Amino acid sequence: AQRVTQPEKLLSVFKGAPVELKCNYSYSGSPELFWYVQYSRQRLQLLLRHISRESIKGFTADLNKGETSFHLKKPFAQEEDSAMYYCALSGSRLTFGEGTQLTVNP
Amino acid sequence: EAGVAQSPRYKIIEKRQSVAFWCNPISGHATLYWYQQILGQGPKLLIQFQNNGVVDDSQLPKDRFSAERLKGVDSTLKIQPAKLEDSAVYLCASSLDNRGQGYVQETQYFGPGTRLLVL
């Protein structure tokens with residue numbers, strides 16, 4: 001079975017502060033991990049995927065197989081980062097976590 | 001490029017009634033997905049099509065839900081009869097051909113969703 005856990009439903013930070021959205025997974029095979037984002041009144045869209053190893057909008061995520069984690073990080077949060085963030089794992093199908101609502105306060 | 005289109009955007013029905021949702025994927029995308037997103041939860045895959053064939057419907061409640069993609073393009077998802085717990089947002093997504101050796105998950109592009117309320 002494959003499972004994604006996002007322990008924080010809500011996360012609030014101030015503009016300019018570092019932000020980390022946590023994601024843990026369970027999967028017996030070799031996982032492919034993603035972060036999807038949904039801004040207010042917009043569609044769910046891909047933010048980044050671990051195989052690309054790239055930074056998108058200042059966000060990075062490193063796959064840690066030992067800790068089965070794929071935390072999303074940004075050193076300096078911006079107000080426009082406020083959104084719902086979903087971690088997802090691709091095994092037999094794409095499985096989403098329950099999401100973390102990030103609010104960046106001015 | 002035009003995105004994934006879904007209709008209707010909102011639907012309110014009474015329990016035991018039937019309802020249908022429509023999805024038009026991005027042109028050229030062979031793979032189409034239907035997800036159910038209950039309030040406070042992440043999207044959950046209901047069914048995945050590759051062209052007009054079903055790849056995965058293991059999480060589709062087949063006693064009341066059905067879906068088809070007859071010509072390998074548009075798709076419809078039907079619920080009959082609806083229950084209160086079917087209240088959710090139904091998301092359609094599409095991607096390029098999601099098969100092949102060295103399988104890598106293609107990026108899924110999501111539609112705006114249909115918000116269903118069952119009273």
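No lab work stands behind these numbers, since they all come straight from the coordinates. Quick caveat, the model's predicted, so the values are computed rather than measured. Cβ sites come from the backbone with ideal geometry, for glycine too, and all protein chains shown count toward neighbours.
Place a +1 charge on the Cβ of each Lys and Arg in the protein assembly as shown and a -1 charge on the Cβ of each Asp and Glu, then give the dipole magnitude about the Cα centre in debye, rounded to the nearest 20.
It comes to approximately 420 debye.
Nearest 20 debye, what's the magnitude of the dipole of the range A:32-106 about its Cα centre given +1 on Lys and Arg Cβ and -1 on Asp and Glu Cβ?
Once rounded to the nearest 20, the dipole reads 180 debye.
Which residues make up the longest stretch of chain B that has no trypsin sites (Lys or Arg not before Pro) in a DSSP loop with at most 12 other Cβ atoms within 10 Å?
In chain B, the maximal stretch lacking such sites is B:17-61.
I'd like the antiparallel share, as a percent to the nearest 5, of DSSP beta bridges with both residues in the protein assembly as shown.
85 percent
Give me the number: length gained by fully extending residue B:97 to residue B:22, i.e. 0.36 nm times residue separation minus the C-alpha to C-alpha distance, one decimal in nm.
Full extension from residue B:97 to residue B:22 adds 24.9 nm.
Once you've got the GNM for chain B with C-alpha springs shorter than 10 Å, pick whichever of B:37, B:59, B:48 has the biggest mean-square fluctuation.
The residue with the greatest mean-square fluctuation here is B:59.
Would you mind checking the range A:40-83 for residues with the amide N under 13 Å from a putative spin-label position 7 Å along Cα→C-beta of residue A:5?
In the range A:40-83, the label zone of residue A:5 (backbone N under 13 Å from the point 7 Å along Cα→Cβ) covers A:67-70.
Can you work out the FRET efficiency for the pair residue A:92 and residue A:42, with r the C-beta to C-beta distance and R0 = 35 Å, to the nearest 0.05?
Given R0 = 35 Å and the Cβ-Cβ separation, E is 0.75.
Under the 0.36 nm per residue contour assumption, what length would be gained going from the current alpha-carbon distance of residue B:115 and residue B:63 to full extension?
Gain on extension, residue B:115 to residue B:63, equals 16.6 nm.
Which whole number gives the average, over all residues in A:31-43, of C-beta atoms from other chains lying within 10 Å of the residue C-beta?
For peptide A:31-43, the averaged partner shielding equals 2.
Give the residue from A:2, A:78, A:66 lying farthest towards the positive end of the charge dipole for chain A; charges sit on Cβ (+1 for Lys and Arg, -1 for Asp and Glu) and the dipole is referred to the Cα centre.
Projecting each Cα onto the dipole axis, the largest value belongs to A:2.
Which of the lysines could be linked to residue B:15 by a straight reach, that is with a Cα gap under 28 Å, when you skip same-chain ones fewer than 8 residues away?
By straight Cα distance, residue B:15 reaches B:44, B:62, B:78, B:83.
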